Amino acid sequence: ERQFGEARFSSVQRQGHGRSQWLICEQFGPLTVDLALVVEDGKLRLVLRGWRCFGIPLPRFLAPRSNAFEHAVDGRFNFHVEITHPITGLIVRYRGWLEPSTRAADDD
């Protein structure tokens, strides 16, 4: 789940199966994108390999474009996500970092 001010959106990630075996399948409502994890220049990139709407495969040339990666710097988990579409332009862009919690595990 992501929250930007008052706006929220969520997705569900699952292990791929069948034609999407070895990929991560991320679902946003009726849309599902198939993502490959690719290590490049010390970053873990999420590369779009396919997409579907209500389970129906859609042409890749109409797919959103993604520049999404994760990497560690000084003990922080850093992320960058930018999604655009060839027709509509920028859909979302966000970046940030996370670091390990200093709370005791039994505080949860």
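The values are calculated or read from the model by the stated rules, or taken from the named source; none is laboratory data. Values in this document were obtained by computation on a predicted structure and should not be read as measured data. Note that each Cβ is placed from the backbone with ideal geometry, even for glycine, and that neighbours are counted across all protein chains shown. Just the protein is used for accessible areas: all its heavy atoms, side chains included, with ligands, DNA and RNA removed. Shrake-Rupley method; radii C 1.70, N 1.55, O 1.52, S 1.80 Å.
The table below gives the values:
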{"item": "When residues of the stretch 64-78 are limited to those that are crowded, with 16+ Cβ neighbours inside 10 Å and of a type in the set (A, V, I, L, M, F, W, C), the one farthest from Glu40 (Cα to Cα)", "result": "Ala68"}
{"item": "Per-region count, the stretch 1-60, residues open to solvent by less than 60 Å² (accessible area, probe 1.4 Å), assigned to a strand (DSSP E or B) and polar (S, T, N, Q)", "result": "1"}
{"item": "Residue selected from the stretch 61-76 under the condition in a strand (DSSP E or B) and out of contact with any strand residue (DSSP E or B) (no Cβ under 6 Å at 6 or more places or on another chain), by the criterion farthest from Leu23 (Cα to Cα)", "result": "Val73"}
{"item": "Residue within the stretch 90-101 that is open to solvent by less than 90 Å² (accessible area, probe 1.4 Å), among the polar types (S, T, N, Q) and within 23 Å of Leu23 (Cβ to Cβ) present", "result": "no"}
